[in-house]
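Undergrad: Would you mind keeping the following structure in view while I ask a few things?
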Amino acid sequence: MCEDLIMNSLDRDVCYRALQTRDARFDGRLFVGVTSTGIYCRPVCPARTAKRENCRFFASAAAAQAAGFRPCLRCRPETAPDLASWRGSANTVSRALALIAEGGLDGGEAGVEALGERLGVGGRQLRRLFQQHLGASPVTVAQTRRVLFAKQLIQETRMSMIEVASAAGFGSVRRFNETFRNLFGRPPSALRRKHTADRPAGSAADVGVTLRLRYRPPYDWPAMLGHLQARAIDGVEQIVGGIYRRTVSSGEHVGIVEVAHEPARDNLAVTVRFPCVRELPAILARVRRVFDVGADIEAIDAHLSRDPVLAPLVALRPGLRAPGGWDGFELAVRAILGQQVSVVAARQLASRLVARCGEAMPKSNGRPRLTHIFPSPERVAAADLSTLGMPGARRGALACLARVAIAEPDLFRPFGTVDEAIARLRSIPGIGEWTAQYIALRALREPDAFPASDVGLLRGAAQQTGERSTPAELRRRSEPWRPWRAYAAQHLWTTTSPMEVTR
């Protein structure tokens with residue numbers, strides 16, 4: 001077994017210097033276990049730096065915890081940036097982490113084979129990749145995430161211990177208590193911070209639960225908010241005072257999520273008002289996906305800046321993220337509605353669709369402009385789409401997409417390689433190369449997806465080079481941008497007005 005695994009082939013001297021200087025660039029990249037205390041920390045921990053001979057370095061919190069170290073109560077490893085997007089050259093580990101965050105390994109070791117199958121690899125290969133890149137097995141990573149999420153809920157909210165145990169995915173309160181006693185030597189309630197007493201009491205549905213998601217700076221928040229504002233669907237989304245709000249649903253439950261930016265703390269403050277606390281991890285995973293919280297943006301910008309075409313764009317918009325889609329089906333519907341039309345026109349069509357077949361929100365939700373849930377595949381399949389005001393072929397594509405989504409619930413989750421995912425999407429009538437690439441970029445979160453035939457990309461590239469290109473020429477031109485072509489696309493899109501581009 002590999003001991004003291006270091007990411008990016010960094011030696012222990014480099015890691016120890018990062019620890020000594022509390023270098024924030026390494027936060028989320030490595031964790032340090034201190035043998036004299038049995039505690040593991042982030043490299044930015046304010047505690048006195050341990051002696052070098054007492055330090056062991058790990059590529060993940062899971063690896064440190066598996067080695068017998070317990071999380072530091074001062075620097076709180078659960079709040080470190082979750083840099084999932086750069087794990088693994090083939091993105092297999094990144095996609096696996098996204099599925100785990102949504103409960104993909106709640107079944108324990110027995111679920112590793114199924115998880116690997118969904119990613120196009122065997123369970124043994126998936127375990128090897130996790131050991132190589134994270135220093136821990138998939139199950140250990142899932143278990144550590146569960147513990148750290150519970151710890152964050154305890155220290156940042158006033159949720160009861162029963163609610164915390166349920167939200168974090170523990171099978172029972174007894175198991176929850178045992179885990180914390182074994183790890184911290186005290187009951188979970190003893191970890192609650194005094195300042196949480198100042199927070200409003202009440203249910204998660206009424207008062208809400210506010211948690212903070214840390215990111216790796218810089219973060220171009222105005223660009224992210226501008227992207228979401230231009231595409232906000234009436235009744236479903238709202239941006240007021242720099243805060244993004246939208247309706248959410250899971251099963252029979254509905255609620256609202258709010259996202260605000262806290263630049264001084266390098267994090268997003270996420271408030272979730274939802275009646276079922278067990279859905280909190282999945283909702284937060286969606287927020288991470290939409291706002292691209294897990295991007296190692298410094299590495300991405302450095303790579304794209306090597307290209308003379310992209311360098312001035314990266315310099316102009318450092319920290320530009322590639323926004324994701326809240327829901328795969330919703331994003332795919334948006335993509336079909338946006339075929340051959342502007343962002344404004346696509347938004348209007350989406351708003352009409354919601355008004356016709358979206359589920360109405362309770363009027364007591366406290367947000368009068370948030371009136372509907374985006375329609376499910378079942379509602380779209382049963383709806384009369386003839387009044388939307390769009391070509392019959394596109395209406396047929398929507399209906400077909402809804403039927404396929406009903407038949408294949410995992411249609412918009414990572415599966416196999418990006419090429420396999422594109423091929424699977426293209427097998428749906430009405431979804432061509434552009435639409436499939438766009439869905440892969442926004443919904444599947446493939447960082448190398450690149451819809452080369454997009455009018456906005458072609459126009460943006462022409463503005464930068466002074467020459468018009470065909471989609472084939474742009475695709476060839478984009479080869480040096482791999483494996484971050486999705487971010488290159490986002491930079492090119494920002495050069496063109498949303499009134500003109502298709503996406």
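Undergrad: Quick one: R413 ticks every box in (1) part of a loop (DSSP other than H, G, I, E, B); (2) under 26 Å from the mean Cα position of the chain (by Cα); (3) more than 23 Å from T247 (Cβ to Cβ) bar one, so which box is it?
TA: The single condition R413 does not satisfy is (3).
Undergrad: Quick one: R475 ticks every box in (1) within 24 Å of H303 (Cβ to Cβ); (2) surrounded by fewer than 18 Cβ atoms within 10 Å (Cβ to Cβ); (3) more than 27 Å from the chain's Cα centre (by Cα) bar one, so which box is it?
TA: Going through (1) within 24 Å of H303 (Cβ to Cβ); (2) surrounded by fewer than 18 Cβ atoms within 10 Å (Cβ to Cβ); (3) more than 27 Å from the chain's Cα centre (by Cα) one by one, R475 breaks only (3).
Undergrad: A follow-up question, please. Could you check how many residues of segment 25-51 are surrounded by fewer than 22 Cβ atoms within 10 Å (Cβ to Cβ) and free of Cβ contacts under 8 Å to residues at least 40 places away in the same chain?
TA: Total meeting the criteria: 13.
Undergrad: Taking interchain pairs and intrachain pairs at least six residues apart, which have beta carbon atoms under 8 angstrom, with the first residue in segment 146-171 and without any contact (Cβ under 8 Å) to a residue 24 or more places away in the chain and the second outside any helix (DSSP H, G or I)?
TA: A165/S172
Undergrad: Please pick out the residue among L411, L425, L474 that is among the hydrophobic types (A, V, I, L, M, F, W, C), in contact with a Ser or Thr (Cβ under 9 Å, 6 or more places away or on another chain) and either without any contact (Cβ under 8 Å) to a residue 12 or more places away in the chain or under 21 Å from A96 (Cα atoms) (or both).
TA: L425
Undergrad: Scan segment 226-234 and tell me whether some residue there is in a helix (DSSP H, G or I) and β-branched (V, I, T).
TA: Looking for residues that are in a helix (DSSP H, G or I) and β-branched (V, I, T), one finds none in segment 226-234, hence no.
Undergrad: Among the listed residues A47, A84, identify the single one that is part of a loop (DSSP other than H, G, I, E, B) and modelled with pLDDT of 85 or more.
TA: Unique residue meeting the criteria: A47.
Undergrad: Looking at segment 400-413, which of the residues that are of a type in the set (G, A, S) and more than 12 Å from L353 (Cβ to Cβ) is surrounded by the most Cβ atoms within 10 Å (Cβ to Cβ)?
TA: Here the answer is A405.
Undergrad: Of the residues S342, S351, which single one is within 20 Å of V254 (Cα to Cα) and of a type in the set (S, T, Y)?
TA: S351
Undergrad: Look through segment 353-367, keep the residues that are of a type in the set (A, V, I, L, M, F, W, C) and crowded, with 17+ Cβ neighbours inside 10 Å, and return whichever of them is nearest to I431 (Cα to Cα).
TA: Of everything passing the filter in segment 353-367, L353 is nearest to I431 (Cα to Cα).
Undergrad: Tell me which of these V254 doesn't satisfy, since it passes every other one: (1) assigned to a strand (DSSP E or B); (2) under 17 Å from the mean Cα position of the chain (by Cα); (3) buried (at least 18 other Cβ atoms within 10 Å of the Cβ).
TA: All conditions pass for V254, except number (2).
Undergrad: Okay, moving on. If you scan segment 382-410, which residues turn out to be within 29 Å of R273 (Cβ to Cβ) and outside any loop (DSSP other than H, G, I, E, B)?
TA: Passing the criteria: A382, A402, A405, I406.
Undergrad: Next question, about the same structure. State which residue pairs qualify: first residue in contact (Cβ under 8 Å) with a residue 60 or more places away in the chain and farther than 15 Å from P138 by Cα and inside segment 55-78, second residue among the acidic types (D, E) and assigned to a helix (DSSP H, G or I) in any location, beta carbons under 9 Å apart, and separation of 6 or more residues or different chains.
TA: P71/E78
Each row is one residue, and each column tells you yes or no for (1) surrounded by 23 or more Cβ atoms within 10 Å (Cβ to Cβ); (2) within 19 Å of S478 (Cα to Cα); (3) modelled with pLDDT under 95.
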| site | (1), (2), (3) |
| --- | --- |
| A295 | yes, no, yes |
| I300 | yes, yes, yes |
| D307 | no, yes, no |
| L310 | yes, yes, no |
| V314 | no, yes, no |
| A332 | yes, no, no |
| Q340 | no, no, yes |
| V343 | no, no, yes |
| S351 | no, no, no |
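Undergrad: Something else now. Right, S305: closer than 15 Å to W484 by Cα and of a type in the set (S, T, N, Q) or not?
TA: When the stated conditions are applied, S305 passes them.
Undergrad: Next question, about the same structure. Which ones in segment 368-381 are crowded, with 16+ Cβ neighbours inside 10 Å and in a loop (DSSP other than H, G, I, E, B)?
TA: The answer is L370, T371, F374, P375, S376.
Undergrad: Please go through (1) farther than 20 Å from F274 by Cβ; (2) assigned to a helix (DSSP H, G or I) for F329 and return the number of the only condition it doesn't satisfy.
TA: (1)
Undergrad: Within 18 Å of the chain's Cα centre (by Cα), buried (at least 18 other Cβ atoms within 10 Å of the Cβ) and closer than 18 Å to A449 by Cβ, is that true of V290?
TA: Criteria met by V290.
Undergrad: Inspect all residues belonging to segment 438-456 and state whether any of them is among the basic types (K, R), assigned to a loop (DSSP other than H, G, I, E, B) and buried (at least 21 other Cβ atoms within 10 Å of the Cβ).
TA: Yes, segment 438-456 has at least one match.
Undergrad: Only one of these conditions is not met by E163: (1) buried (at least 16 other Cβ atoms within 10 Å of the Cβ); (2) at pLDDT 95 or above; (3) part of a helix (DSSP H, G or I). Which number is it?
TA: (2)
The values are calculated or read from the model by the stated rules, or taken from the named source; none is laboratory data. Note that the structure is predicted; figures quoted are calculated from it, not measured. Cβ atoms come from the backbone with ideal geometry, glycine included; neighbour counts cover every protein chain shown.
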